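Undergrad: The structure under discussion is supplied below as structure tokens; questions concerning it will follow.
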Amino acid sequence: MIDQLPSWNDGAAKRAIIDFVAAVTTPDGPAFVPPADRIATFDNDGTLWLEKPMYIQFQHGLRAIAQFGAEHPEVLDRQPFKAVHEQDMGWLGRVAKDYANGDPTGLLTLATGMAEAFGGTTVQEFEADAATFLSDNHDARFKVPYKDLVYAPMVELVRFLQDSDFQVFLTSGGGRDFMRAVSAELYGIPPSMTIGSSIATEYAEDAQGVAQVMRTKEIELPIDDGPGKPLHIHRAIGRRPIMAAGNSDGDIHMLKYAAGHEGPTLSLLVHHDDAEREYAYDDGSEKALQVAATADWIIVSMKDDWKSVFPS
């Protein structure tokens with residue numbers, strides 16, 4: 001028998017996944033779910049790829065903010081341009097810490113700066129810039145391009161579900177268009193099945209009269225995080241998932257939403273507990289870990305459940 005999850009150690013988490021998929025795909029079985037209703041939603045940062053020491057999209061955005069500030073010095077007296085220009089790691093660190101503790105104020109300020117830096121570009125130009133950044137820039141610790149820092153066991157899981165006639169959607173708290181640039185390449189998830197936080201867009205025609213969709217400076221609310229995730233899922237899919245995977249407090253509402261489906265469900269929470277091969281931290285996931293312990297969610301231990309973390 002072919003092992004569909006070769007990067008997973010044999011254990012409770014792997015058995016729960018395999019048993020769930022077998023149950024919902026067995027015709028005439030009591031838990032059978034038709035393919036049209038086999039919907040799974042996966043968070044991205046910290047669930048499918050690395051999120052430490054800083055979200056990868058933030059690295060991309062900070063570069064753009066720095067460049068925009070250099071070209072427009074009149075913005076350097078306000079955040080986030082001021083902090084980036086002055087390399088104020090205290091301010092940037094507080095943004096991350098406050099967000100992990102449930103306060104998104106600084107994050108929205110940072111995201112607004114990123115939106116301003118990329119304002120007036122076409123969605124295709126933005127996606128091309130994101131793809132180039134992910135290929136050409138390397139993580140300081142692991143010395144590989146950012147796009148190589150996907151979690152091999154989770155990519156295997158996505159493909160296992162797809163092979164089992166699941167519709168797998170990426171549901172990122174980060175930018176939808178940023179992930180659309182690489183979602184098919186990295187995960188086999190097409191751009192049309194990529195959900196995320198987004199910038200308001202508008203129609204325009206370029207100098208040659210070609211119709212374009214342009215990015216504006218405005219962030220669409222709510223962002224695709226916390227209670228906003230089920231709203232984005234409903235708006236994009238129109239169905240409740242029967243499976244969801246996340247890693248942080250921002251995924252609690254999505255995991256609860258999947259667990260509320262009538263019939264068999266599976267909610268997975270990735271636990272970062274492997275300092276040697278990745279990072280060990282609970283900050284930003286304390287509430288999720290507490291809920292998981294009482295809500296029959298499956299906690300996936302990086303240290304114990306995965307044979308490897310990144311692709312070899």
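Undergrad: Relative to the present Cα-Cα distance, how much length would full extension add between ASP163 and ASP282 at 0.36 nm per residue of separation?
TA: Value of the extension gain: 39.6 nm.
Undergrad: Express the relative contact order of the stretch 115-201 as a whole percentage, based on alpha carbon pairs under 8 Å and six or more residues apart in sequence.
TA: That works out to 26 percent.
Undergrad: Compute the signed sum of charges (Lys and Arg +1, Asp and Glu -1) over the other residues within less than 11 Å, Cβ to Cβ, of TRP8.
TA: Summing Lys and Arg as +1 and Asp and Glu as -1 gives -2.
Undergrad: How many nm separate the modelled label positions at ASN101 and LEU289, each set 7 Å beyond the Cα in the direction of the Cβ?
TA: Between ASN101 and LEU289, the label points sit 1.8 nm apart.
Undergrad: In the chain, what % of DSSP beta bridges are antiparallel (nearest 5)? Please list the in-between numbers first.
TA: Numbers: 11 of 31 bridges.
Roughly 35 percent of the beta bridges in the chain run antiparallel, per DSSP.
Undergrad: Also, I was wondering about something else. Rolling a 1.4 Å sphere over the protein heavy atoms, what is the accessible area per residue of the chain, to the nearest Å²?
TA: Computed with neighbouring chains in place, this is 46 Å² per residue.
Undergrad: Also: PHE142 versus ALA211, label points 7 Å from Cα toward the beta carbon: distance in nm?
TA: Label at PHE142, label at ALA211, 4.0 nm between them.
Undergrad: Then there's this: What is the distance in Å between the Cα centres of the stretch 158-210 and the stretch 124-154?
TA: Measuring centre to centre over Cα atoms gives 16 Å.
Undergrad: Given Cα pairs under 8 Å that are at least 6 residues apart, what percent is the relative contact order of the stretch 173-260?
TA: Contact order relative to length: 22 percent.
Undergrad: A further question on this structure: Please report, to one decimal in angstroms, the Kirkwood hydrodynamic radius of the stretch 240-312 built from all distinct Cα-Cα pairs.
TA: Evaluated over the stretch 240-312, this radius sits at 12.7 Å.
Undergrad: If contacts are Cα pairs under 8 angstrom and at least 6 residues apart, what is the relative contact order of the stretch 153-312 in percent? All intermediate terms of the calculation are to be shown ahead of the outcome.
TA: Numbers: 245 pairs, mean separation 23.6, N = 160.
Here the relative contact order equals 15 percent.
Undergrad: A follow-up question, please. How much of the accessible area of the chain, in percent, comes from carbon and sulfur atoms when a 1.4 Å probe is used?
TA: That share works out to 52 percent.
Undergrad: Another question, if that's okay. Classify the stretch 69-122 from the C-alpha gyration tensor, please: rounded if a/c falls under 1.5, else prolate or oblate depending on whether a/b exceeds b/c. Mind showing how you got there, number by number?
TA: Numbers: a/c = 2.94, a/b = 1.44, b/c = 2.05.
Here the stretch 69-122 falls in the oblate category.
Undergrad: Put a dot 7 Å past each Cα toward the Cβ at ALA31 and ALA12; how far apart are the dots in nm?
TA: If labels sit at ALA12 and ALA31, their model points lie 1.6 nm apart.
Undergrad: Please give the charge dipole size of the chain, origin at the Cα centre, charges +1 on K and R Cβ atoms and -1 on D and E Cβ atoms. Round to the nearest 20 debye.
TA: Numbers: 26 positive and 47 negative charges, 58 e Å.
For this selection, approximately 280 debye.
Undergrad: I've got another one for you. For a paramagnetic label modelled at 7 Å from the Cα of ALA200 toward its Cβ, which residues of the stretch 109-138 fall within the zone defined by backbone nitrogen distances under 18 Å?
TA: 109-123
Undergrad: Okay, helix-only estimate at 222 nm for the chain: each DSSP H run of n ≥ 4 adds -39500 (n - 2.57), divide by all residues, round to 500 deg cm²/dmol; what do you get?
TA: Computed ellipticity for the chain at 222 nm equals -12000 deg cm²/dmol.
The values are calculated or read from the model by the stated rules, or taken from the named source; none is laboratory data. Remember, it's a predicted structure, so these values are computed and weren't measured experimentally. So basically every Cβ, Gly included, is an ideal-geometry build from the backbone, and we count neighbours across all protein chains shown. For accessibility, only protein heavy atoms count, side chains too; no ligands or nucleic acids. Shrake-Rupley method; radii C 1.70, N 1.55, O 1.52, S 1.80 Å.
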